[in-house]
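If you scroll down you'll find the structure; I have some questions about it.
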Amino acid sequence: MKRSDKYLNKRVLVLGLGRSGYAAAKLLKSLGADVTVNDRGSLEGNNQAAELSALGIRVVGGGHPPDLVDKGLAAMIKNPGIPYSNPLVQKARQLGIRIITEVEIAYELSDAPFIGVTGSNGKTTTTMLIGEMMKGSESEPIVAGNIGTALSGVIQKGTDKNVIVAELSSFQLLGTEHFRPKIAVALNIFDHHLDYHGTVENYANAKALITANQTAEDALVYNADSERVTSFIAEKTKARKVPFSLSRKVDSGAYIEDGVIYFRGEQILECSEMGLPGEHNLQNALAAVAAAKIYGVPTKHIAKVLKTFTGVRHRLQYVNVIQGRTVYNDSKATNILATSKALASFPGKAVVLLAGGLDRGNTFDSLIPYLKKADIKAALLFGQTKEKLRDACEKAGIPSIEIVKNVEEAVPEAFRLSEPGDVVLLSPACASWDQYKSFEQRGDIFIDEVNKFR
């Protein structure tokens with residue numbers, strides 16, 4: 001980590017005590033900053049809050065007192081999920097106080113170069129693929145960011161012999177100023193998080209910040225099949241452009257021809273040898289191949305990773321073959337798009353689908369074409385959205401539809417309704433918070449219940 005006096009004796013406010021806020025507060029304290037952490041929730045009994053307090057960090061919970069922000073504040077480090085409409089953020093803006101996310105601090109202090117990955121879908125899988133591929137390079141990878149480990153919590157151990165592979169959300173990128181990855185990867189842009197960004201244009205422009213400070217010395221790996229990625233990101237970059245495409249040959253990047261993955265004319269791997277199912281994972285693979293090849297990773301190692309990598313936990317994760325059923329945990333599919341991609345991943349296979357969760361007010365009409373196209377023999381529905389999903393499944397003509405209480409009740413029904421050769425798929429199309437603390441908890445419970453049938 002670089003030495004820096006930038007925050008020495010400076011007052012900083014960390015807004016939001018999540019993983020990123022906790023890591024940022026500790027890092028800033030180590031740099032000699034006068035740190036205050038504020039969270040709207042009660043922090044009574046919070047172990048992280050207690051630890052920060054023991055380090056001499058002021059911790060304020062239970063609301064957002066306006067007096068935490070004044071002209072003497074050097075910077076606000078905002079939790080990515082907190083909207084800019086928050087009263088403290090608004091006040092900081094009016095006073096001209098610097099508002100950043102912990103990504104910016106991590107970049108400022110890191111000795112290791114960055115590979116940044118963003119997109120509406122596929123970020124986690126692509127980030128993990130690149131991380132595994134980078135193990136074949138001269139630089140030891142550190143995988144962090146939106147993937148679950150805060151960047152400001154890992155840079156202290158990073159050196160110039162490492163490379164940080166970072167999954168980056170639009171929320172995180174909005175709080176950057178000078179962030180400049182050596183390689184930026186832009187996967188896709190769909191109509192996500194519009195409640196936060198307001199418009200698709202705002203959302204896309206936030207994604208484009210991943211390449212805003214890149215120069216011709218850097219590289220942008222981008223999805224040439226996405227009109228939005230091309231227009232909002234690739235056409236505006238100053239970096240070297242390296243495209244990838246599922247639909248056509250792109251001589252300067254990664255593509256598929258006759259069922260084979262290529263990079264700039266070099267054969268990498270036959271698609272049939274991939275360890276991950278689904279066309280969307282071919283797209284993720286192309287992006288990862290391009291990034292790894294640019295970094296100088298040997299083709300042999302890249303091919304080995306593509307053959308052996310079977311998925312990110314909770315993202316179309318292969319669990320096992322149990323009683324002849326092939327089981328997949330896609331608990332991270334918290335929206336319709338993610339579930340539609342999962343349903344398209346098993347052509348020729350009969351599927352028993354487990355779905356449902358938090359009701360965000362939307363219908364599931366846009367899922368109906370994918371439900372029709374997939375060979376779904378049964379749907380087991382739970383959570384607040386169960387009736388809405390039942391309506392969609394009925395319209396799709398699914399022969400067997402059952403309402404169950406939760407995932408725990410759904411699993412034994414899935415085994416009863418399936419037979420050897422079928423796929424049992426948890427892909428909820430909804431967030432988990434109506435019944436579970438997180439999609440991780442929901443997925444772990446699913447796996448535990450499934451393993452009872454071994």
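Here is the link list: Lys6/Lys78; Lys157/Lys241; Lys2/Lys26. Which ones come out longer than 21 Å on Cα distance? Display every interim value, and only then the final one.
Details: Lys6/Lys78 18 Å; Lys157/Lys241 31 Å; Lys2/Lys26 16 Å.
Going by Cα-Cα distance, Lys157/Lys241 fall outside the 21 Å limit.
State whether region 365-454 is rounded, prolate or oblate according to the following rule on the C-alpha gyration tensor (a ≥ b ≥ c being the square roots of its eigenvalues): a/c under 1.5 gives rounded; otherwise a/b larger than b/c gives prolate, and the remaining case gives oblate.
Verdict is oblate for region 365-454.
Out of the total accessible area of the chain (probe 1.4 Å, heavy atoms of protein only), what percent is carbon and sulfur? Let's see the in-between values first.
Working: 8730 of 18860 Å².
Answer for the chain is 46 percent, counting heavy atoms of protein chains only.
Can you tell me, using C-alpha contacts under 8 Å and at least 6 residues apart, the relative contact order of region 252-367 as a whole percent?
Relative contact order of region 252-367: 19 percent.
For Lys437, go through the lysines and keep the ones whose alpha-carbon is under 20 Å away, minus same-chain ones fewer than eight residues off.
Within the straight-line limit of under 20 Å, Lys437 reaches these lysines: Lys332, Lys386, Lys405.
Which residue, Val14, Asn205, Ser42, has the largest displacement toward the positive end of the dipole of the chain when charges sit on each Cβ (Lys, Arg +1; Asp, Glu -1)?
Farthest along the dipole direction, towards plus: Val14.
Sticking with this structure for a sec: Note the full-extension length gain between Leu417 and Val200 as 0.36 nm times their separation in residues minus their Cα-Cα distance, in nm to one decimal. Can you show the working numbers first?
Working: separation 217, 0.36 × 217 = 78.12 nm, distance 4.13 nm.
Length gained between Leu417 and Val200: 74.0 nm.
Under a cut-off of 19 Å between alpha-carbon atoms, report the aspartates and glutamates in cross-link reach of Lys395, not counting same-chain residues fewer than 8 places apart.
Straight-line reach from Lys395, under 19 Å: Asp365, Asp375, Glu387.
Using alpha-carbon pairs under 8 Å, 6+ residues apart, how would you state the relative contact order of region 129-213 in percent?
Details: 80 pairs, mean separation 21.7, N = 85.
Contact order relative to length: 26 percent.
Let me ask something else. Pairs of alpha-carbon atoms within less than 8 angstrom and 6+ residues apart define the contacts here; what relative contact order does region 98-241 have, in percent? Before the final figure, lay out each step's value.
Details: 287 pairs, mean separation 39.4, N = 144.
Across region 98-241, relative contact order equals 27 percent.
If you don't mind, another one. How much mean residue ellipticity at 222 nm does the chain get from its helices, if each DSSP H run of length 4 or more adds -39500 (n - 2.57) and you divide by all residues, to the nearest 500 deg cm²/dmol? Walk me through the intermediate numbers first.
Details: 16 runs with 147 residues, N = 454.
Dividing the helical sum by the residues of the chain leaves -9000 deg cm²/dmol.
Could you let me know the centre-to-centre spacing of region 178-230 and region 340-401, using Cα atoms, in angstrom?
The distance from the Cα centre of region 178-230 to that of region 340-401 comes to 31 Å.
Moving on to the next point. Loop-only trypsin sites (Lys or Arg not before Pro) in region 390-442, please: DSSP not H, G, I, E or B, and at most 12 other Cβ atoms within 10 Å. Provide the component values of the computation, followed by the final result.
Working: sites: Arg390, Lys395, Lys405, Arg416, Lys437, Arg442; in loops: Lys405, Lys437.
Here the sparse-neighbourhood loop sites are Lys405, Lys437.
What aspartates and glutamates could a cross-link reach from Lys377, if we take a straight Cα to Cα line under 15 Å and drop same-chain neighbours fewer than 8 places away?
Hits, sequence-local ones excluded: Glu394, Glu402, Glu413, Glu419, Asp422.
When the dipole is taken about the Cα centre of the chain, and only Lys, Arg (+1) and Asp, Glu (-1) are charged at their Cβ, what size is it in debye, to the nearest 20? Write out the running numbers ahead of the final one.
Working: 54 positive and 50 negative charges, 163 e Å.
For the chain, the charge dipole is close to 780 debye.
Do any trypsin sites (Lys or Arg not before Pro) in region 311-355 lie in a DSSP loop with no more than 16 other beta carbon atoms within 10 Å, and if so, which?
Arg313, Lys349
Is the chain rounded, prolate or oblate when judged by the Cα gyration tensor, a ≥ b ≥ c being the square roots of its eigenvalues, rounded requiring a/c under 1.5 and prolate requiring a/b larger than b/c?
Judged from the Cα gyration tensor, the chain comes out oblate (a/c at least 1.5, b/c at or above a/b).
Still on this structure, I have one more. Quick check for you: with a 1.4 Å probe and neighbouring chains kept, what is the accessible area per residue of region 269-378, in Å²?
39 Å²
A further question follows. Suppose every K and R has +1 on its Cβ and every D and E has -1 on its Cβ; what is the size of the dipole of region 210-275 about the Cα centre, in Debye to the nearest 20?
It works out to roughly 380 debye.
The values are calculated or read from the model by the stated rules, or taken from the named source; none is laboratory data. Bear in mind that the values here come from a model prediction, so they are computed numbers and not experimental data. Quick reminder, even Gly has a Cβ in these numbers, built from the backbone with ideal geometry, and neighbours come from all protein chains shown. All accessible areas refer to the heavy atoms of the entire protein, side chains included, with ligands and DNA or RNA removed. Shrake-Rupley method; radii C 1.70, N 1.55, O 1.52, S 1.80 Å.
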